[in-house]
1. Would you mind stating whether residue 175 is open to solvent by less than 60 Å² (accessible area, probe 1.4 Å) and among the small types (Gly, Ala, Ser)?
2. Kindly establish whether residue 12 is within 17 Å of the chain's Cα centre (by Cα) and open to solvent by 70 Å² or more (accessible area, probe 1.4 Å).
3. If residue 44 satisfies every condition in (1) surrounded by 15 or more Cβ atoms within 10 Å (Cβ to Cβ); (2) in a helix (DSSP H, G or I) but one, which is the exception?
4. Looking only at residues in segment 47-70 that are over 30 Å from residue 134 (Cβ atoms) and of a type in the set (A, V, I, L, M, F, W, C), which one is most open to solvent (accessible area, probe 1.4 Å)?
5. Only residues that are in contact with a Lys or Arg (Cβ under 9 Å, 6 or more places away or on another chain) and free of Cβ contacts under 8 Å to residues at least 12 places away in the same chain: list them for segment 104-151, please.
6. So, residue 73, is that one outside any helix (DSSP H, G or I), modelled with pLDDT of 95 or more and surrounded by fewer than 21 Cβ atoms within 10 Å (Cβ to Cβ) or not?
7. Going by the structure shown, is residue 39 open to solvent by 50 Å² or more (accessible area, probe 1.4 Å), among the small types (Gly, Ala, Ser) and assigned to a helix (DSSP H, G or I)?
8. Just to be sure before I move on: is residue 201 open to solvent by 50 Å² or more (accessible area, probe 1.4 Å), in contact (Cβ under 8 Å) with a residue 60 or more places away in the chain, over 12 Å from residue 140 (Cα atoms) and in contact with a helix residue (DSSP H, G or I) (Cβ under 8 Å, 6 or more places away or on another chain) in the structure I sent?
Amino acid sequence: MPSTATRRSAAERVAQISAAAQSLAREAGLSAVTLRAVATEVGVAPALVAHYAPSMDALVGDSFAAIVGDELREIEELARSRASASDALTAVLASLLDEGRAEVTLIWVQSWSLGGRNETLASRVREQMDAWRTFLAGVIDAGRGVGEFHCDDPVAIAGQILGMVDGLNAHSLVAWQDASERTRLLLRSVEAMLDLAPDALVAQLSD
């Protein structure tokens with residue numbers, strides 16, 4: 001049974017519940033974020049969680065947005081640390097397919113499924129997908145501006161690339177092909193989309 005709750009301010013309790021929900025999502029996916037599971041994680045009665053988080057749909061949606069938003073900020077910093085657009089794009093795509101991101105991959109995959117029944121979550125997913133496409137289109141457009149990439153519509157290409165990233169990451173959950181093979185497959189496809197020489201991006205993996 002949960003122990004008697006320590007008296008905390010409303011803001012502290014909301015933050016505690018949010019942190020617990022995100023921890024559960026990272027450990028076992030969005031489907032693990034339930035009223036009872038969050039209460040157990042915090043060590044309080046479910047009624048207390050329901051008081052401070054009356055909508056579990058919103059809690060799940062907010063947990064998703066916080067986790068993938070953190071990942072986007074990390075990837076943005078990675079891109080800024082690179083000297084050229086092609087180096088930035090290679091580093092970003094290789095990082096997104098890294099098997100160390102399996103917990104976030106599961107969260108993304110579950111978000112599309114659970115979002116069909118949770119409009120709050122679906123709204124957060126759409127917002128994050130838009131943010132990711134805007135970021136990646138910016139990397140592509142920067143490369144186009146200095147003559148590294150050749151394309152007419154960076155936004156459309158960014159959307160296509162993210163679709164491939166999502167598909168390949170979903171494959172990783174059942175260990176179909178290894179990470180290096182998936183990364184090379186993606187980069188070769190992107191090379192063609194941006195009118196680059198064969199292996200122009202792939203060669204940077206070992207740099």
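1. no
2. No, not satisfied.
3. For residue 44, the failing item is (2).
4. 47
5. 115
6. no
7. For residue 39, the condition - open to solvent by 50 Å² or more (accessible area, probe 1.4 Å), among the small types (Gly, Ala, Ser) and assigned to a helix (DSSP H, G or I) - is not met.
8. No, not satisfied.
The values are calculated or read from the model by the stated rules, or taken from the named source; none is laboratory data. Quick caveat: nothing in here was measured; it's all calculated off a predicted structure. Virtual Cβ from ideal backbone geometry, glycine too; neighbours counted across all protein chains shown. For the accessible areas, the whole protein counts, side chains as well, though only heavy atoms, and no ligand, DNA or RNA atoms are used. Shrake-Rupley method; radii C 1.70, N 1.55, O 1.52, S 1.80 Å.
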